[in-house]
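Let me begin by presenting the structure, written as structure tokens, before commenting on it.
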Amino acid sequence: MVKRILTAILAGLLFGWGLCDAKAPGEVGGFILGESIQAVEDRVRMASKLPVRDMEFLQEVEIGDLPGFKSGYIAFGTCEGPGQIVRIKLKYAESSRKVYDQLLKRFKQRFGEPSEWRGDPFHVVIAWKWQFTEPDGRCISLTLQHNTRDEEEKMGNAVKLTATHLIEAERRCFTRQHPDATAEGRPQLPPGPVDWELLVPR
């Protein structure tokens, strides 16, 4: 019995040492989740502001010139926290697999092993995702992606940092104000017969 208890304690210690207790990230490229978009107006192109596709309760703007990055978009809320940054998507200036591997190594050193694989089975798109849940209820996701062949995805090396809890708050706010909208923030289709000729290619 004593041997079993000692074994269980040792296993628990070893398991504990392997856990990642990294703090959730909140900033990349000098942009901070939860910060007001007005605070970074000098680093984004406000004239590029557009609604986020399939998420009408968000808007996004292009970043300006940023050392180390080629391009990017900053998404912010329009309902629960107007102007509050909820997602940061940046494309690195260097697009090689070698640089991606170096980034991935440093991500793992800082945040531990990823939570899930987000690439495709053939590794045409290589993407790892980290999920963080803070005691205060903050939910943060972090994705590092490499792609040089799939034109449907962002090319090169890219990082995406998302405050999931803030996006959900924006979604709930929009739904309260627009009860007839879909979960994506779009109006529902009016009831009636389906025009299949319009939906099927010919």
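The values are calculated or read from the model by the stated rules, or taken from the named source; none is laboratory data. Model, not experiment: these values are computed from the prediction. Positions of Cβ are generated from backbone atoms using ideal geometry, with glycine treated the same way; all protein chains shown enter the neighbour counts.
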May I ask you to list the residues in segment 67-116 that are under 16 Å from GLU27 (Cα atoms) and outside any strand (DSSP E or B)?
PRO67, GLY68, LEU103, ARG106, PHE107, ARG110, PHE111
Test of understanding: among VAL52, VAL44, which residue is over 20 Å from GLU168 (Cα atoms) and surrounded by 15 or more Cβ atoms within 10 Å (Cβ to Cβ)?
VAL44
PHE76 meets each of (1) at positive phi; (2) touching a helix residue (DSSP H, G or I) at 6+ places or on another chain (Cβ under 6 Å) with one exception, condition (1)
Considering residues of segment 118-141 that are aromatic (Phe, Trp, Tyr) and either touching a helix residue (DSSP H, G or I) at 6+ places or on another chain (Cβ under 7 Å) or not in a strand (DSSP E or B) (or both) only, the residue surrounded by the most Cβ atoms within 10 Å (Cβ to Cβ)
TRP130
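Results for (1) crowded, with 19+ Cβ neighbours inside 10 Å; (2) farther than 14 Å from ASN157 by Cβ; (3) modelled with pLDDT under 95; (4) not small (Gly, Ala, Ser), shown as yes or no for each residue.
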| site | (1), (2), (3), (4) |
| --- | --- |
| GLY77 | yes, yes, no, no |
| GLY81 | no, yes, no, no |
| ILE85 | yes, yes, no, yes |
| LEU90 | yes, no, no, yes |
| SER96 | no, no, yes, no |
| LEU103 | no, no, no, yes |
| GLY112 | no, yes, no, no |
